[in-house]
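For reference, the structure discussed in these notes is given below.
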Amino acid sequence: MKILSSLPFSAKILIASALMSFTSFAAEEETLPMATDADVAELTAACQQMAAEDQVEDADLPQYLLDCVNDQLTEMGYQTLPELK
């Protein structure tokens with residue numbers, strides 16, 4: 001704790017503020033609802049259609065779909081997914 005006691009007051013405020021922001025963000029992420037399987041399936045189908053239109057390579061398709069679905073979930077106020085089933 002010597003490190004904190006040697007910091008100027010403004011630096012302590014900045015650190016405390018950053019920690020509170022991070023904690024608030026983490027808590028907010030946990031409180032977002034999960035999308036239904038039907039919603040995820042619908043978004044996945046829409047993203048597959050966009051991938052076809054964008055001519056996404058097969059090797060890039062899984063990451064493209066995950067990013068696309070998660071972008072839509074975020075816009076809809078849902079938690080993001082670590083992977084698609």
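The values are calculated or read from the model by the stated rules, or taken from the named source; none is laboratory data. Computed from a prediction, not measured in an experiment: that's the story for all the values here. Positions of Cβ are backbone-derived with ideal geometry, glycine not excepted, and every protein chain shown enters the neighbour counts.
Observations on the structure shown:
- Residue pairs whose Cβ atoms lie under 7 Å apart, separated by 6 or more positions or on different chains, with the first residue in the stretch 55-67 and over 15 Å from P82 (Cα atoms) and the second of a type outside the set (D, E) and surrounded by 10 or more Cβ atoms within 10 Å (Cβ to Cβ), are V56/Y64; L61/A51.
- Residue match in the stretch 47-68 (condition: among the hydrophobic types (A, V, I, L, M, F, W, C), loosely packed, with under 13 Cβ neighbours inside 10 Å, modelled with pLDDT under 95 and not in a loop (DSSP other than H, G, I, E, B)): no
- Members of the stretch 69-83 that are surrounded by fewer than 16 Cβ atoms within 10 Å (Cβ to Cβ) and over 10 Å from the mean Cα position of the chain (by Cα): E75, M76, G77, E83
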